[in-house]
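Accompanying notes for the structure given below.
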Amino acid sequence: MAQSPMSGQSLAVLSALLEARTGQQIASHRSTRVDTVLLPLMRERRMETLDQLVCAVLDGRDPQLAGRVIDALVNGETSFFRDPHVFEHILETVAEVERDGRRARIWSAGCSTGQEPLSLAMMFAERQQAQGTPVPEIIATDVSEAAIARARSGCYTQFEVQRGLPIRQMVRWFDGRPNNEWVVRSELLRHISFRQMNLTVDPAPCGSFDLVLCRNVMLYFAAEPKKRAFRTIASAMRPTGLLVLGAGETVIGQTDLFQLASVGRGVYQKSDVTDPPIGA
């Protein structure tokens with residue numbers, strides 16, 4: 001099937017649907033990819049144009065279709081051990097928490113298909129084997145139901161495991177399957193709790209976190225959803241907790257709830273600014 005042009009009206013419908021369901025926007029540099037990411041779904045439904053797909057979403061006869069469109073549009077770019085220096089900061093932060101006699105709690109917000117929390121689990125499981133220290137509690141959330149299902153399954157392609165995952169850890173923590181698939185061993189998956197969550201509207205996971213990773217998620221939020229997401233994250237953090245954003249993200253001009261931490265670039269701590277409770 002050849003890719004077909006999409007009317008401006010259909011793009012507007014998809015943009016509105018994505019923002020309503022996830023808080024994300026279709027940025028100008030991503031609009032050219034809309035037809036590419038939706039093409040497999042169009043082929044499955046035997047549709048010739050993107051306008052046909054949008055019409056099918058709007059008529060509501062298939063209630064699952066809108067969700068599948070959203071899952072395709074959400075940016076799920078991720079890899080194992082992305083930005084190694086970040087994991088060095090994580091180790092230091094967790095060690096400091098443990099010196100206070102507590103087991104650390106980490107929230108991977110916007111975890112996509114699970115590579116980030118699995119990288120954390122690998123790092124700390126190997127530390128446990130070497131030093132006897134506990135594995136932190138790891139909560140991983142994402143707005144995409146399909147992404148969370150993939151993460152829970154722990155099943156990855158050869159291409160996915162080759163992105164950032166050292167051979168030693170691939171052999172230690174994954175089992176090979178037919179068709180070049182690799183499956184995470186259950187002993188590693190048990191360290192992670194995966195949940196579907198919309199950062200802009202849903203309450204944060206229960207409890208307080210010492211570390212929140214929310215990398216390359218805020219980039220796609222409109223201004224108001226971004227503020228709500230920052231409020232949700234702040235409400236779930238300990239006073240001494242740290243927030244890690246992506247390299248191209250900042251809190252400056254976005255929220256007063258966080259300020260730059262001294263430990264490294266892209267790491268933030270809660271400020272002294274107070275904010276009304278979520279939902280107020």
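Key figures
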item: Selection within the range 159-179 - touching a strand residue (DSSP E or B) at 6+ places or on another chain (Cβ under 7 Å) and either closer than 30 Å to Val69 by Cβ or of a type in the set (Gly, Ala, Ser) (or both); result: Val161, Gly176, Arg177
item: Flag for Met47 being surrounded by 12 or more Cβ atoms within 10 Å (Cβ to Cβ) and not in a helix (DSSP H, G or I); result: yes
item: Complete set of residues in the range 65-85 that are without any contact (Cβ under 8 Å) to a residue 40 or more places away in the chain and either part of a helix (DSSP H, G or I) or more than 18 Å from Ile148 (Cα to Cα) (or both); result: Leu65, Ala72, Pro84
item: Helices (runs of 4 or more DSSP H) enclosed by the range 86-194 - at least 3 residues per element that are open to solvent by less than 30 Å² (accessible area, probe 1.4 Å); result: 115-131, 145-153, 167-173
item: Identity of the residue in the range 248-267, free of Cβ contacts under 8 Å to residues at least 12 places away in the same chain and hydroxyl-bearing (Ser, Thr, Tyr), that ends up nearest to Ala223 (Cα to Cα); result: Thr250
item: Matching residues, the range 195-224, being of a type in the set (Gly, Ala, Ser) and surrounded by fewer than 21 Cβ atoms within 10 Å (Cβ to Cβ); result: Gly207, Ser208, Ala222, Ala223
item: Check on Ala229, small (Gly, Ala, Ser), under 15 Å from the mean Cα position of the chain (by Cα) and either loosely packed, with under 13 Cβ neighbours inside 10 Å or assigned to a loop (DSSP other than H, G, I, E, B) (or both); result: no
item: Identity of the residue in the range 233-246, under 15 Å from the mean Cα position of the chain (by Cα) and either open to solvent by 10 Å² or more (accessible area, probe 1.4 Å) or of a type in the set (A, V, I, L, M, F, W, C) (or both), that ends up farthest from Gly207 (Cα to Cα); result: Leu245
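The values are calculated or read from the model by the stated rules, or taken from the named source; none is laboratory data. Given the structure is predicted, the values throughout are model-derived calculations rather than measurements. Quick reminder, even Gly has a Cβ in these numbers, built from the backbone with ideal geometry, and neighbours come from all protein chains shown. For the accessible areas, the whole protein counts, side chains as well, though only heavy atoms, and no ligand, DNA or RNA atoms are used. Shrake-Rupley method; radii C 1.70, N 1.55, O 1.52, S 1.80 Å.
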